[in-house]
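S.K.: The structure that follows is given in the form of structure tokens.
The values are calculated or read from the model by the stated rules, or taken from the named source; none is laboratory data. Keep in mind it's a predicted model, so treat the numbers as computed, not measured. Methodologically, a virtual Cβ is constructed for each residue, glycine included, from the backbone with ideal geometry; neighbour enumeration extends over all protein chains shown. All accessible areas refer to the heavy atoms of the entire protein, side chains included, with ligands and DNA or RNA removed. Shrake-Rupley method; radii C 1.70, N 1.55, O 1.52, S 1.80 Å.
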Amino acid sequence: RSCEPPRLSVSALTAPSEPAAAPPTVGDIVTCRVIRINPRLASLEILCVAGVPLREPCGGLLRREDVREFERDAVLMRDSCRPGDIVQARVLSLGDSRAYYVTTASEELGVVFARSAEDGSTLL
């Protein structure tokens, strides 16, 4: 009988890896954080695909015309979302190499978490 401690494999010492979502595809529901807005669009950070976190966030763009299905030309981005808001959206297209185009033009989509500009209280 040996007095040496049993040898452990490296895999036994590392924590099990969390499952990570595959990159978004057209039609996927994604959870995003608003990074910045301008009159034409909001820049987003896509955090989750179908509720599963991404290993690394990827970029998204919410254009003014994709915020809602009606009166698209009357949308004011500053009234639709603010930096820091959490938004549920659907992927419209793969966009360019830096960002996916998304839409919130559906009843189940849009801002799901925000903070009040006045007192910082949570708005759900």
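S.K.: Name the residues of the range 39-70 whose amide N is less than 13 Å from a point 7 angstrom out from the Cα of ARG98 along the C-beta direction?
M.R.: 43-44, 59-61
S.K.: Please list 3J(HN,Hα) in residue order for the range 53-58, calculated via the Karplus relation 6.51 cos²θ - 1.76 cosθ + 1.60 where θ = phi - 60°; whole Hz, with x for glycine and proline.
M.R.: So the J values, rounded to whole Hz, are x, 7, 4, 10, x, 10.
S.K.: Continuing with this model, one more query. Within the accessible area of the range 29-114, what % is carbon and sulfur when the probe is 1.4 Å and the other protein chains stay in place? Could the numbers behind the result be given before it?
M.R.: Values: 2420 of 4910 Å².
It is 49 percent, rounded to a whole number.
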